[in-house]
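Colleague: The structure follows.
All of the numbers you see were taken from the coordinates with simple rules; none came from a lab. These numbers come from a predicted model, not from an experiment. Positions of Cβ are generated from backbone atoms using ideal geometry, with glycine treated the same way; all protein chains shown enter the neighbour counts.
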Amino acid sequence: MTHLTLAPLTDETAADLIASHAPDLPPPVVDYLVAKGGGNPLFLVELVRTLQLIGVADLAHIELDALDLPNSVQGLLLAQLDRLAVETRHTLQLAAVIGKSFLDQVLAHINTAEQHIATLLGELENRDYIRPNQADLGAAHTFRHALIQEGAYSTLLHERRRRYHRQVAVAFEQLFPAAIAEQVAFLAYHWEQAEAMDNAIYYLSQTADQARLLYAHEEAEMLYHKILSMLERTEEAEARSLIDQQAKTYLKLAQIRSNALDFTKAQDYYEMAFNLFDQVRQSTEGEQPEEGSSNESPVFRWGIVEEYAHFDPGKADVRETSQLLTNLFEGLVEVDDEWNLIPAVAQQWQVLDGGKRYLFQLRPSLQWSDGHPLTAQDFVFAWRRNLAPETEANLAYQLFLVDGAEAFHQGQTDDPTLIGIKAIDELTLEITLQIPSHYFLYLLADPITYPQPVHVLAQTGSKWHEPQNLVCNGPFMAKRSVHGASDKELSLVRNPHYHRFIPGNLQEVILKFVHPGFEEYLAGHIDWCRVDDQANLFTQYPTETYLVQDLSTFTLGFASQCPPFDQLILRQAFAQSVDKRALVQSVWNGVQRAASGGLVPPGMAGHSPEISLPFDVTHAQKLLETAVPDGPATLPTIHLVSPSGFKQTPAFLAENWRKHLGIEVVVFENVPSVEAMSMMQRGEAQMALMGIGLDYPDPNDILTIAGQKEGPFSGLGWGGASFNKLMEQIPTVTDHQERLNYYHQADRVLVTEESVMVPLYYLQAYGLLRNGFTLTGSNKIVRGGIKFKNVVVE
């Protein structure tokens, strides 16, 4: 950091500055101002403005000492404000409460003179107190200088400030509900100044969470400690909900230290959290929310495409299946709606040997839904089964962090006892890793790591996960199959042996085997849906709309090892002939965010902005001419395969390639994801549309998936040497910034240098939950779906 010392203006320069603002001032007045200004340019300008506002008619004949001008900039500004009309001054004061920059719509909402706001703002502009600008949310203004804002704000009494800050926060929440996630720091500030501590803590926590996801560790840690201090000062500091909040804040602090590979300090925070959770658990033993009338309580109808409704956690390789299984099974930990890791089957854990060994203590008296005891051995069995090559678990690679796991999966050994997971006793599980990992605990919330009932598999074998045989350990379980007049349904009911407190009161869920889209919701067939292409839901359905905050990228992938896309320049030609901004506007009504960066989505550490190949038809055509000198007609027929959920994206892409490259592409739509990859492997398709949702907020997740020759995107058949070398180096890097640099390089190789994938857009979406149901906790959804145990029947 460089420090500059600015000397005062010379008298000559000061006089020139004055003349530039008031060229007709007599020399004695100029000399007076130069002497009084002391070489401070801002003070000099405000002295001139004050004389102009006073309206002195003939400065040549006035006694200059009689002017009695203030001796500071602040004094001058306050004197100027005193001369404003009451309504004008009040408008400036309200604007000062909002901030250095302010939205006109918010100011109008809190101003009693709302009908005259344009006139009042025009007057303040003319006097050069504020200047107009344009913000993303609409017309706005900025104070010409921070001292003007500070001066106007200082003239308000404390009680008025408090009241106006509350009005600002409420106005913003009402006017811009869809923008709240981007303005949580703004709202945290105003609720804190309004002395509404519950709201302030809520938004401050979200501000800290955003910093944590971006790996802004110092900022996040400072904010979490501030939250803890505020919680301790809360009048009901001993209340159960506050203790629970304190515990979860310590877990976030532990994750920050884990991100920095400081596992010793992380363990200290874990211990603080576990001690607080013990207090909460003791106060909630045997307690459940009121269930209401069991016979009349409405069921919750949840839509899912039937092919995704299977119940083997080891084979949950699409997001929809994972969302379903998180309601039926439970792992050692759970990810909540703040991307926080909460103890689930594990009551507590220890991180040992510098992050290489974990010791999990399971909760006592755990049971499967059939009443059979659940033990640590059920985890050992599940992990060994998922890693066995004959299981063909597509996501088995997620367990490769565990010592011996990859060797067993690759067939280098057939001894499962060499895998680094073992049951010390019925309630103690030990897991040993190859190397320390800051994201390992997040993996334990994924279905691939869930326990599986040894006793049921011993009886029913491969049919254990069929609904009539299914035994699970989550909050809900399968009850029966129902064959209706037009479709098949499955009923899920509360698991009577579930071990944890359930915050909601939902008793039954009906799985409807339909596409869970907006149309089905409007038709009254389902009670929840995700909406990706409607921007005005908060206006149309204000009581039903939730914000979906999912870290997902939707991309085009090439079969890069097979003709014709084994040519890099042909992949780049196809990439640069797609107008992503037009795609988002045409297909998604502007809701999705066009991807100009890499595969790692924005909102988390490791995002690389502006690295994607730009839309450039001229360059794309030149690349095509080089790749296919005899013309595109000589290319074999090219096929694009697309799973459901992409709407008109395939047609839009095909039209872009026809229009810009003169290439006709045949499209296969609504193909299941697994079959789409199989078609790529068989050479029946050369391109595929894919959605990649992160299971944990670290670039390793999405980049590892993309680079795997096995797994959900095996159809790409790619394993670039430079990419793999970068990804292999990352686990051994202890410096946080150096690790991120490796991720940036790997992302660039994937989408720019090798162009194996073309990020099209990043997910921005909303959810609709039918009136009569609400969700406990915050009003946002992470990881794409809802948890049935959090649904409240009103």
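Colleague: Short version: ³J(HN,Hα) in whole Hz for each residue of segment 185-192, in order, from phi by Karplus 6.51 cos²θ - 1.76 cosθ + 1.60 (θ = phi - 60°), x for Gly and Pro, what are they?
Modeller: Karplus-based 3J(HN,Hα) across segment 185-192 equals 5, 4, 6, 4, 4, 5, 5, 5 Hz.
Colleague: Sticking with this structure for a sec: What FRET efficiency do you get for residue 135 and residue 10 if R0 is 41 Å and r is their Cβ-Cβ distance, rounded to the nearest 0.05?
Modeller: On the way: r = 40 Å, r/R0 = 0.97.
The calculated FRET efficiency here is 0.55.
Colleague: How much length would be gained if the chain were fully extended between residue 463 and residue 310, taking 0.36 nm per residue of separation minus their Cα-Cα distance, in nm to one decimal? The partial results should precede the final answer.
Modeller: Numbers: separation 153, 0.36 × 153 = 55.08 nm, distance 1.14 nm.
Here the segment from residue 463 to residue 310 would lengthen by 53.9 nm.
Colleague: Quick one: which residues, 5+ away or cross-chain, put their amide H under 5 Å from the amide H of residue 428? H built at 1.01 Å from N.
Modeller: Amide H neighbours of residue 428: 362, 376.
Colleague: Given Cβ point charges of +1 (Lys, Arg) and -1 (Asp, Glu) and nothing else, what value in debye, to the nearest 20, does the dipole of segment 551-762 about its Cα centre take?
Modeller: Details: 13 positive and 21 negative charges, 77 e Å.
Using only the charged Cβ atoms, the result is roughly 360 debye.
Colleague: Sorting check: for 730-738, 753-761, which peptide has the highest mean count of neighbouring beta carbons within 10 Å, and how do the rest follow?
Modeller: In decreasing order of mean packing, 730-738, 753-761 become 753-761, 730-738.
Colleague: Please give the FRET efficiency for residue 100 paired with residue 735, using the beta carbon to beta carbon distance and R0 = 22 Å, rounded to the nearest 0.05. Please list the in-between numbers first.
Modeller: On the way: r = 36 Å, r/R0 = 1.63.
Using R0 = 22 Å, I get an efficiency of 0.05.
Colleague: Something else about it: Averaging sequence separations of C-alpha pairs under 8 Å and six or more residues apart, then dividing by the length of the chain, give the relative contact order as a whole percent.
Modeller: Values: 1410 pairs, mean separation 90.1, N = 794.
With pairs under 8 Å counted, the relative contact order is 11 percent.
Colleague: Can you compute 3J(HN,Hα) from phi for each residue in segment 697-705, using the Karplus curve 6.51 cos²θ - 1.76 cosθ + 1.60 with θ = phi - 60°, rounded to whole Hz and x for Gly and Pro?
Modeller: The phi angles translate into x, 9, x, 4, 4, 6, 6, 5, 4 Hz.
Colleague: Under the 0.36 nm per residue contour assumption, what length would be gained going from the current alpha-carbon distance of residue 174 and residue 664 to full extension? Display every interim value, and only then the final one.
Modeller: Working: separation 490, 0.36 × 490 = 176.40 nm, distance 4.80 nm.
Net length gain for the segment: 171.6 nm.
Colleague: May I ask you to order 176-186, 84-94 by the average number of other C-beta atoms within 10 Å around their residues, highest value first?
Modeller: Values: 176-186: 16.5, 84-94: 18.8.
Taking the mean over residues of other Cβ atoms within 10 Å, the ranking is 84-94, 176-186.
Colleague: Continuing with the same structure: Long-range amide H contacts for residue 300: which residues qualify at under 5 Å (H placed 1.01 Å from N, peptide plane, sequence gap of 5 or more or a different chain)?
Modeller: Excluding prolines and chain starts, which carry no amide H, the hits are 508, 509, 510.
Colleague: Going by average Cβ density within 10 Å per residue, which order do the peptides 424-434, 439-449 take, highest to lowest?
Modeller: Values: 424-434: 17.2, 439-449: 22.5.
Peptide ranking by packing, descending: 439-449, 424-434.
Colleague: Just how far, in whole angstrom, is segment 331-393 from segment 669-695 if you go by their alpha carbon centroids?
Modeller: Measuring centre to centre over Cα atoms gives 31 Å.
Colleague: Tell me, what HN-Hα J-couplings in whole Hz come from the Karplus equation 6.51 cos²θ - 1.76 cosθ + 1.60 at θ = phi - 60° for each residue of segment 531-541, using x for Gly and Pro?
Modeller: Each residue's phi maps through the Karplus curve to give 10, 10, 9, 10, 8, 10, 5, 5, 7, 6, 10 Hz.
Colleague: In terms of modelled amide H atoms, which long-range or inter-chain residues lie less than 5 Å from the amide H of residue 548?
Modeller: Residues meeting the criterion, in which the H sits 1.01 Å from N, are 765, 766, 767, 781.
Colleague: Given the Cα atoms of the chain, and with Rh set as the inverse mean 1/r over their pairs in the Kirkwood sense, what is Rg to Rh to two decimals? Don't skip to the answer; put the middle values down first.
Modeller: Numbers: Rg = 31.1 Å, Rh = 30.0 Å.
Using only Cα positions, Rg/Rh for the chain is 1.04.
Colleague: Out of the trypsin sites (Lys or Arg not before Pro) in segment 663-747, which ones are loop residues according to DSSP with at most 15 other C-beta atoms within 10 Å? Before the final figure, lay out each step's value.
Modeller: Working: sites: 682, 709, 725, 739; in loops: 682, 709.
Listed in order of number, the matching sites are 682, 709.
Colleague: Let me spell out the model: positive unit charges on the Cβ of Lys and Arg, negative unit charges on the Cβ of Asp and Glu, origin at the Cα centre of the chain. What dipole size does that give, in debye rounded to 20?
Modeller: Numbers: 57 positive and 99 negative charges, 145 e Å.
The calculation lands at about 700 debye.
Colleague: Shifting gears a bit: Starting from the 7 Å offset along Cα-to-Cβ, what nm value, one decimal, do you get for the label separation of residue 644 and residue 198?
Modeller: 4.1
Colleague: Neighbour counts of other C-beta atoms within 10 Å: give me 780, 512 arranged from fewest to most. Provide the component values of the computation, followed by the final result.
Modeller: Numbers: 780 17, 512 22.
In order of increasing Cβ crowding within 10 Å: 780, 512.
Colleague: If the limit is 29 Å between Cα atoms, which of 422/780; 356/787; 252/789; 422/488 go over it? Let's see the in-between values first.
Modeller: Values: 422/780 37 Å; 356/787 31 Å; 252/789 23 Å; 422/488 41 Å.
Going by Cα-Cα distance, 422/780; 356/787; 422/488 fall outside the 29 Å limit.
Colleague: Angle, helix 158-175 long axis vs. longest principal axis of the chain, Cα atoms, 0 to 90°, nearest 10?
Modeller: Value to nearest ten degrees: 50.
Colleague: Here's another thing I want to ask about it. Test of understanding: ordering 262, 630, 378 by Cβ neighbours within 10 Å, fewest first, what list do you get? Please report the intermediate quantities before stating the final value.
Modeller: Details: 262 17, 630 8, 378 26.
The fewest-first ordering by Cβ neighbours comes to 630, 262, 378.
Colleague: Next question. Between residue 232 and residue 581, take the C-beta separation as r, use R0 = 45 Å, and let me know the FRET efficiency to the nearest 0.05. Numbers along the way, then the final one.
Modeller: Details: r = 48 Å, r/R0 = 1.08.
About 0.40, to the nearest 0.05.
Colleague: Could I ask something else about it? Label-point separation (nm) for residue 83 and residue 372, each offset 7 Å from Cα along Cα-to-Cβ?
Modeller: It works out to 8.8 nm between the two label points.
Colleague: For a footprinting-style exposure proxy, rank 462, 101 by other Cβ within 10 Å, fewest first. Provide the component values of the computation, followed by the final result.
Modeller: Details: 462 8, 101 15.
Going from least to most buried by this count: 462, 101.
Colleague: Given 20 °C and 1.002 mPa s, compute D for segment 551-762 with the Stokes-Einstein relation, Rh being the Kirkwood radius over Cα pairs; round to the nearest whole µm²/s. Intermediate results must be reported in sequence, preceding the final value.
Modeller: On the way: Rh = 17.2 Å.
My calculation gives 125 µm²/s for D.
Colleague: Let me ask another. Treating cross-link reach as a plain straight distance, find the lysines whose alpha-carbon is under 23 Å from the alpha-carbon of residue 622, omitting any fewer than eight places away in the same chain.
Modeller: 580, 659
Colleague: Multiply the residue gap between residue 265 and residue 36 by 0.36 nm, knock off their C-alpha separation, and tell me the result in nm, one decimal place.
Modeller: Details: separation 229, 0.36 × 229 = 82.44 nm, distance 5.66 nm.
Extending this stretch completely gives an extra 76.8 nm.
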